[in-house]
1. If B:Gly455 passes every condition in (1) facing chain A (nearest Cβ under 9 Å); (2) without any contact (Cβ under 8 Å) to a residue 24 or more places away in the chain; (3) not in a loop (DSSP other than H, G, I, E, B) but one, which one does it miss?
2. Identify the single condition in (1) open to solvent by 30 Å² or more (accessible area, probe 1.4 Å); (2) within 24 Å of A:Arg221 (Cβ to Cβ); (3) modelled with pLDDT of 90 or more that A:Leu178 does not satisfy, given that it satisfies every other one.
3. Please specify each residue of the range B:108-140 satisfying the condition of being without any contact (Cβ under 8 Å) to a residue 12 or more places away in the chain and either within 25 Å of B:Ile98 (Cβ to Cβ) or of a type in the set (A, V, I, L, M) (or both).
4. With B:Ala107, B:Ala25, B:Ala91 as the choices, which residue is in contact with a Leu (Cβ under 9 Å, 6 or more places away or on another chain), outside the structural domain of B:Thr197 (by TED's automatic domain parsing) and modelled with pLDDT of 95 or more?
5. Quick check on the range A:87-107: of everything there that is over 27 Å from B:Pro409 (Cβ atoms) and not in a loop (DSSP other than H, G, I, E, B), which residue is farthest from the other protein chains (Cβ to nearest Cβ)?
6. Given the conditions (1) open to solvent by 10 Å² or more (accessible area, probe 1.4 Å); (2) more than 8 Å from chain B (Cβ to nearest Cβ); (3) within 19 Å of A:Thr310 (Cα to Cα), report the number of the one that A:His155 does not fulfil.
7. Within the range A:299-322, identify whether any single residue is open to solvent by 30 Å² or more (accessible area, probe 1.4 Å), at pLDDT 95 or above and either away from ligand 1 (no atom under 16 Å from the Cβ) or on the phi > 0 side of the Ramachandran plot (or both), and answer yes or no.
8. Regarding the range A:61-75, can at least one residue be identified that is within 14 Å of ligand 1 (Cβ to nearest atom), under 23 Å from B:Ala410 (Cβ atoms) and either surrounded by fewer than 24 Cβ atoms within 10 Å (Cβ to Cβ) or not hydroxyl-bearing (Ser, Thr, Tyr) (or both)?
Amino acid sequence: MSTDTDTTPASAGVTTLTPAVVIVGAGPSGLSAARELAPRVGGEVLVLDRESTAGGIPRHSDHPGYGIRDMRRFMSGPAYARRLVEQARAAGATIRTNATVTGWAGERTLEVTTPQGRLRVEAGAVVLATGARERPRPGRLIPGDRGRGVYTTGHLQNIVHLQHGKVGRRAVIAGAELVSWSAALTLREAGCATVLMTTEYPRPDSYALFNIGGRAFFRPRIATRTRVSRIIGKPDLRAVEIENLDTGARRIVECDTLVLTGDWIPDHELARAAGITLDPGTKGPLVDSAFRTDRPGVFAVGNLLHPVDTADIAAIDGARAARSVLAWLNGGSTPDGQVRLVAEAPFRWVTPEVIRRGDPAPARRRLLLWSDRFIPFPRVVLRQDGKVVARKRLWWPASPGRVFRVPSIMLTSVNPQGGPVSIGVED
Amino acid sequence: MSTTDRNTTANGDASATFDVVVIGAGIVGSAIARKLAGHELSVALLDARNDVGDGTSKANTAILHTGFDAKPGTLESRLVREGYHLLSDYAERTGIPIERTGALLVAWNDEELEALPGLKEKAERNGYDRTEIVGPAEVYRQVPHLGEGALGGLTVPDESVICTWTTNLALATDAVRRGVTLLLNRRVEAVEERGGTTVLRTTGGDVTTRWVVNAAGLGSDVIDRMFGHDRFTVTPRRGELLVYDKLARPLADRIILPVPTSRGKGVLISPTVYGNVLLGPTAEDLTDRTDTGTSEKGIAFLLEKGRKLMPELLEEEVTATYAGLRAASDHSDYVIDADARRRYVLAGGIRSTGLTAGIAIAEYVAGLAGEAGLELVPREDLPEPPRMPNLGEAFPRPYQDAARIAADPAYGRVVCFCERVTAGEIRDAFRSPIPPAGLEGLRRRTRAMNGRCQGFFCGAEVGRLMESRGADACGPRVPHENREHGGERRSPEARR
Ligand SMILES: Cc1cc2nc3c(=O)[nH]c(=O)nc-3n(C[C@H](O)[C@H](O)[C@H](O)COP(=O)(O)OP(=O)(O)OC[C@H]3O[C@@H](n4cnc5c(N)ncnc54)[C@H](O)[C@@H]3O)c2cc1C
Ligand SMILES: Cc1cc2nc3c(=O)[nH]c(=O)nc-3n(C[C@H](O)[C@H](O)[C@H](O)COP(=O)(O)OP(=O)(O)OC[C@H]3O[C@@H](n4cnc5c(N)ncnc54)[C@H](O)[C@@H]3O)c2cc1C
């Protein structure tokens with residue numbers, strides 16, 4: 001559990017490492033932070049990842065659509081992951097895989113398990129880049145049998161792309177957002193037909209990239225305003241029952257594979273174990289635009305903060321956060337005074353959550369939000385202390401299942417001494 | 001022949017005539033087989049399923065009961081009380097994790113408040129005198145996160161939580177080490193008396209034996225009828241449960257009980273030895289003895305209860321939902337009886353306390369069988385009970401053990417991240433006397449894939465280790481290099 005002071009006895013056989021910076025997670029965000037920090041930091045920049053290969057989620061997301069905004073390329077997940085790893089290594093960072101961070105032994109001291117032994121990593125700064133995962137079936141409280149054949153996209157892609165294993169022949173995909181299309185591609189590669197996609201929203205979110213990329217675009221049937229209400233079959237999945245949320249009508253769809261996509265939750269265990277304040281909306285650490293958490297010298301980047309955005313955005317977080325980490329290592333202080341940014345329906349969350357005068361602008365000068373409703377051309381409104389401080393119509397939609405970006409220039413007229421700023425829409 | 005190599009295969013030879021066959025490799029049957037194998041007897045432990053502990057014993061609330069609320073004077077009351085101490089000692093010797101959390105029974109209305117003195121007195125009649133009635137201030141001091149409206153409570157300081165999976169596996173492993181033949185995948189479908197022996201007709205062939213012990217849980221009444229009796233009927237009473245993530249554990253450091261009603265013990269909140277928090281169970285009579293699915297109604301009911309009991313708990317992630325079937329019967333007590341003529345003993349009607357009482361039931365059953373004519377000559381050469389791999393959070397686990405990792409790097413290779421299960425532990429499970437027959441069995445032996453991600457990260461890797469039966473515990477996590485797929489192209493999207 002969390003300790004603020006160093007109370008763990010130095011037990012025998014534990015190796016102590018003292019890098020300048022330790023980065024937890026070798027996904028796009030962590031690797032990009034490492035690439036920027038390694039040449040600029042006096043001591044070691046150590047990246048730890050629990051997987052045996054560095055690269056994070058793109059390792060198993062074997063389709064194009066990566067690297068667009070950071071590398072200005074259109075590449076496959078695995079190729080993108082490899083490039084990030086090469087860049088971080090070339091910059092001088094140390095990447096240790098099979099290294100699972102299991103807890104804290106001090107303010108900026110981590111406990112780590114590796115096949116080479118237990119480590120105690122005492123760092124000058126910690127960057128949490130642990131990513132996000134999809135909620136599995138229990139977390140979604142779907143009743144029914146415990147049939148085999150129910151996966152999340154991550155699980156599915158691990159099986160198909162990393163282990164080259166088999167799944168079934170007829171799949172239902174719960175979700176029709178970006179990641180759901182990724183699941184559909186994986187199923188196709190595994191020879192499994194997608195017989196139906198379901199979404200609780202009134203319209204699906206098609207993956208525009210598949211059009212632009214000129215790839216064979218396929219359209220499975222999509223049931224909108226629909227949820228999976230029961231799982232049928234044991235020991236193997238035979239069918240799912242689906243329910244129309246408007247009419248309550250239910251029907252049975254035969255399938256031997258169910259992929260539960262989206263419904264993200266950050267991997268915030270380490271942050272929580274440290275007692276770092278989380279944002280109730282993202283469930284990730286609450287950060288400012290310099291990626292500081294409320295524990296001094298501990299930073300957070302990537303999908304841990306915004307479940308879930310594309311990899312390039314996570315990578316840009318990491319690169320931006322490097323500056324803040326450097327400032328901290330060089331004894332820089334955090335500006336006084338802060339304004340809290342809070343999301344208002346239909347927005348579920350906004351990040352960064354804390355704005356300070358004197359801090360750098362948010363990455364790409366964008367606030368990131370998650371909308372529960374589709375709005376074609378949303379008029380975004382910022383309110384502070386009962387007054388509208390900014391209002392702006394945006395020419396891109398807010399769409400459930402993908403991050404909605406709002407120019408941070410809208411914050412210009414926020415009073416840095418004022419109360420919390422809410423961000424919502426006017427219809 | 002030495003004791004350990006008598007028969008350690010999980011699917012033993014059934015050609016000989018056994019002295020005793022125990023039907024049912026749940027906690028009760030495993031405890032009975034182990035007990036009988038402490039004597040000069042050839043014993044088989046038989047089950048319809050492909051693994052031990054795959055029935056009700058795998059899906060309960062895992063509380064080691066003091067028996068404070070049993071019906072005084074019943075056999076159940078006595079065996080739960082004895083079982084509490086027997087299992088506590090056995091756990092100490094074998095390494096079954098137990099946490100002495102204590103329980104707090106909470107009264108939410110005047111009627112329940114008025115029931116507390118009666119419960120205290122009942123506990124005393126059950127031989128348990130450490131309960132204490134406390135006021136609301138003390139209730140909230142003990143459980144600060146409890147929902148509003150508690151009027152008072154009764155403390156039961158010795159109620160504890162235990163690992164039901166390890167308990168079942170330890171007893172069955174111990175039995176096998178004592179020479180018991182394990183006969184799996186054999187559903188008993190008929191029995192036949194043949195000149196002083198009983199032939200069990202099973203889906204895996206005939207098994208001949210002099211004595212039979214029926215510990216078939218949900219199937220015990222059916223088997224009882226095969227022996228010509230008609231004394232009880234099992235009604236499967238489903239109990240659904242929600243398991244909350246380990247991050248919820250600080251909310252509930254002890255068992256929080258409702259005031260029991262005639263329908264059962266009611267919905268409780270309990271920590272688990274794995275560091276989770278349970279909410280449940282429901283109590284619903286079914287007709288289908290195999291329906292261990294969860295239901296929409298059951299989940300909704302639990303959420304409604306939970307919202308009142310501890311609203312903060314509902315903010316946490318649910319990492320598992322499951323249901324167990326209590327073998328409820330039309331008797332209000334255990335139905336344990338010996339039939340000397342048929343050389344047959346029944347241990348039935350063990351509905352909601354069998355985990356706790358199992359070892360005491362075994363003692364009692366052996367006694368009855370002895371009186372009925374089974375010759376019980378204690379063996380001198382008994383092996384020590386097995387040391388079981390620890391699945392409990394309160395005790396050191398391999399991933400934390402620097403010395404163990406230094407000696408064997410496989411304990412430093414974490415495979416299941418959420419539950420921190422190492423490749424070494426998975427390998428060990430496959431090399432154990434009763435290896436898992438499938439993923440479910442592996443989960444019960446190691447906790448692999450039982451965590452919050454439910455396989456998002458580790459599912460494929462656990463599946464791979466499953467196929468190699470844990471070999472290659474130190475190999476690379478990813479067997480094939482990722483192939484590059486789809487070329488690179490400059491993208492117009494880059495500018496958005
Ligand atoms: C199915 C799918 C398809 C996608 N398709 C696209 C796409 O086409 N284009 C695109 O741009 N984006 C896509 N994404 C999103 C993209 O993968 C993520 O945005 C990106 O991976 C986020 O990077 P990250 O660094 O924040 O986290 P991750 O990539 O999740 O990396 C986190 C890393 O932290 C490690 N870690 C976590 N906890 C610990 C610990 N305690 N100790 C040690 N290591 C730890 C993990 O092992 C992991 O390697 C997709 C995502 C999914 C799931
Ligand atoms: C929701 C719930 C909560 C509970 N909570 C607790 C608790 O907190 N504490 C506690 O002490 N107890 C608790 N219990 C009770 C406890 O789990 C049971 O009493 C105990 O597991 C019974 O063990 P058993 O060996 O009799 O039955 P089982 O574990 O069901 O074993 C019976 C075995 O017999 C086999 N079998 C059946 N028919 C045949 C056949 N024809 N041929 C071959 N094999 C057959 C089955 O396959 C099965 O493996 C709870 C029960 C439930 C359902």
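1. (3)
2. Going through (1) open to solvent by 30 Å² or more (accessible area, probe 1.4 Å); (2) within 24 Å of A:Arg221 (Cβ to Cβ); (3) modelled with pLDDT of 90 or more one by one, A:Leu178 breaks only (3).
3. As a first pass, look at the range B:108-140 and keep what is without any contact (Cβ under 8 Å) to a residue 12 or more places away in the chain: B:111, B:114, B:118, B:121, B:124, B:129, B:137, B:140.
Passing the criteria: B:Glu124, B:Asp129, B:Ala137.
4. Numbers: B:Ala25 fails: outside the structural domain of B:Thr197 (by TED's automatic domain parsing); B:Ala91 fails: outside the structural domain of B:Thr197 (by TED's automatic domain parsing).
B:Ala107 is the lone residue from the list that is in contact with a Leu (Cβ under 9 Å, 6 or more places away or on another chain), outside the structural domain of B:Thr197 (by TED's automatic domain parsing) and modelled with pLDDT of 95 or more.
5. Taking the range A:87-107 first, the residues over 27 Å from B:Pro409 (Cβ atoms) are A:87, A:90-92, A:107.
Those still in the list that are not in a loop (DSSP other than H, G, I, E, B) too: A:87, A:90.
Working: A:Gln87: 15, A:Ala90: 18 Å.
Filtering the range A:87-107 for residues that are over 27 Å from B:Pro409 (Cβ atoms) and not in a loop (DSSP other than H, G, I, E, B), the one farthest from the other protein chains (Cβ to nearest Cβ) comes out as A:Ala90.
6. Condition not satisfied by A:His155: (2).
7. The answer is no, given that none of the residues of the range A:299-322 is open to solvent by 30 Å² or more (accessible area, probe 1.4 Å), at pLDDT 95 or above and either away from ligand 1 (no atom under 16 Å from the Cβ) or on the phi > 0 side of the Ramachandran plot (or both).
8. Going residue by residue through the range A:61-75, those that are within 14 Å of ligand 1 (Cβ to nearest atom) are A:61-75.
Subset that is under 23 Å from B:Ala410 (Cβ atoms): none.
The answer is no; no qualifying residue exists.
The values are calculated or read from the model by the stated rules, or taken from the named source; none is laboratory data. Owing to the predicted nature of the structure, the values given are computational and were not obtained by experimental measurement. Cβ atoms come from the backbone with ideal geometry, glycine included; neighbour counts cover every protein chain shown. Each accessible area value is taken on the protein alone, full model and side chains, heavy atoms only, with ligands, DNA and RNA left out. Shrake-Rupley method; radii C 1.70, N 1.55, O 1.52, S 1.80 Å.
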